[in-house]
Amino acid sequence: MSRKRRVCGASLKARVALAAVRGDKTTAELAAKFAVHANQVSKWKKQFLEGAAGLFPDGRRRKKEESSADEQELYEQIGRLKMP
């Protein structure tokens, strides 16, 4: 008989990644504690560190999609004003 694969939720992945980033315990210790493979601990830690910059976006700059939509709307308004 085959076993069903265990599906890990986002909260478990975040807890494991945070524990790995803290560095208090080794990867093997964390894997045993959370009952996951050591490679998963390393993978989730790497994903966490790569995505951490996205948690703090720079709000000073506007995204291109927003500015192009606003620009298109302004051109439409100018066109309506010029036409009698």
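What follows draws every value from the coordinates through simple rules; no lab data is involved. Nothing here was measured: the structure is a model prediction, and the numbers come from that model. Here the Cβ is made from the backbone with ideal geometry for all residues, glycine too, and neighbour counts use every protein chain on show.
Structural remarks
- Given +1 at the Cβ of Lys and Arg, -1 at the Cβ of Asp and Glu and no other charges, the dipole of segment 8-54 around its Cα centre is 40 debye to the nearest 20.
- Total lysine pairs whose alpha carbons fall under 21 Å of each other in the chain (8 or more apart, or interchain): 14
- Net charge dipole size for the chain [Lys, Arg +1 and Asp, Glu -1 on Cβ; Debye, nearest 20]: 720
- Among [x] 52; [y] 11; [z] 59, the entry derived from the coordinates for percent of Cα pairs over 23 Å apart: [x]
- Degrees separating the helix 10-22 axis from the principal Cα axis of the chain, which is the longest one: 70
- The local environment of E50, defined by Cβ-Cβ distances under 15 Å, has a net charge of +4 under the rule Lys, Arg +1 and Asp, Glu -1.
- Take 3-12, 21-30, 48-57 and order them by the average number of nearby Cβ atoms within 10 Å per residue, most first; the result is 21-30, 48-57, 3-12.
- Charge-dipole axis of the chain as Lys and Arg at +1 and Asp and Glu at -1 on Cβ define it, positive-most pick from S2, A35, L12: S2
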